[in-house]
Ligand code: OAD
C-alpha cells in the first residue's frame, strides 16, 4: 500500500498537544473481526433488531434470547485480538503527555492492546452484573437458562448500556469535560450518530479544538472536522503514529 501522507499542520499539532482525546467506535474493532452495528451488509443492526435484544424491555420480555445473544458476542469478543489500530493508540498514549481514550466499545480490546487511560461509555460485555442491584458476579452455573444472582436471585445481565438506559454518570461527565478542554480530538471508527457519545466531538469543535476523523466513510461529523483521514483505522493510526515519530526524529537535537 502507498505511504499515507498527512498534512504537516496535523502532525505539528499532534506533536505540540499536551492533551489528546480519542473517541472510538465499533469501526476500530472491525479489523479484529468484531462486527460493527450500522453498516449496511455486515452491521449487527442489519441482521438483528436492537429493540428485541438491546433494551431493558427486551430483557424483561425474553431474557433468554437476550442472554444468549450476548453470550455469543461475549465469546466472539474473547476470541478477537487487538489490531494495529488498537496498538497504535496504546503507543500514542506513551508519546503525548496526556491521552484520554473514550470508547463506545464494550470489547476491552483497547485495554488488551495496552491503553491505560480508558473511559468506557457503554460498559463492558465481559462484566456480568445482577439486573437488580448491579452487583458484579464473577461465576455462575451454566444451566442453559439465564443465570441468577447468588445474592438476590434476580437474573444476571451483561454490564452494557442498552437503548433507553443512562450512561455511567462519572464516565460521561469526565468524557464531556476532557472533550471540551483538550488540544486535539481524534474521532475513530464511529458513525457519530448515537448520543451522547456523538456530542463529544461537537463539544471539541465548539471550543475550536482541532478535530480529526479516522473513518473509511463519511459521517455527520466529516464536514465539521479539520481533517478526515479516510481509511481503515488499522492502517491510518499506525501511519499517523509513525509520522509523529519521524517528525520528532527530524526535529530533535
Ligand atoms: P457504527 O456501526 O454505528 O459505526 C461504525 C463506523 O465505523 C462506521 O462509520 C464505519 O464507516 C466505520 N468503520 C468501519 N470499518 C472501519 C475501519 N476498519 N476503521 C475505521 N472505521 C471503520 O458503530 P458505533 O458508531 O460504534 O451502542 O455505534 C455507536 C453505538 O451504537 C454502539 O456503541 C452501540 C450501537 O448501538 C450500544 O450498544 C449502546
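Need pairs with beta-carbon distance below 9 Å; first residue over 15 Å from residue 31 (Cβ atoms) and within region 231-244, second in a helix (DSSP H, G or I) and within 13 Å of the ligand (Cβ to nearest atom); sequence gap 6+ or separate chains.
240/88; 241/88; 241/89; 242/88
Name, by its number, the condition in (1) within 16 Å of the ligand (Cβ to nearest atom); (2) modelled with pLDDT under 95 that does not hold for residue 186.
Every condition holds for residue 186 apart from (2).
Within region 145-169, which residues are assigned to a strand (DSSP E or B) and touching a helix residue (DSSP H, G or I) at 6+ places or on another chain (Cβ under 7 Å)?
155, 157, 158
Hand me the list of helices (runs of 4 or more DSSP H) wholly inside region 1-73 holding 3 or more residues that are over 30 Å from residue 240 (Cα atoms) and out of contact with any strand residue (DSSP E or B) (no Cβ under 7 Å at 6 or more places or on another chain).
Working: elements: 8-16, 44-47, 50-53, 56-61.
It comes to 44-47, 50-53, 56-61.
Quick check on this structure: which one of 205, 125, 172 is within 13 Å of the ligand (Cβ to nearest atom), touching a strand residue (DSSP E or B) at 6+ places or on another chain (Cβ under 6 Å) and outside any loop (DSSP other than H, G, I, E, B)?
Matching residue, one of 205, 125, 172: 125.
The values are calculated or read from the model by the stated rules, or taken from the named source; none is laboratory data. Please read these numbers as outputs of a predicted model, since none were measured by experiment. Please note: Cβ atoms are built from the backbone with ideal geometry, for glycine as well, and neighbour counts cover all protein chains shown.
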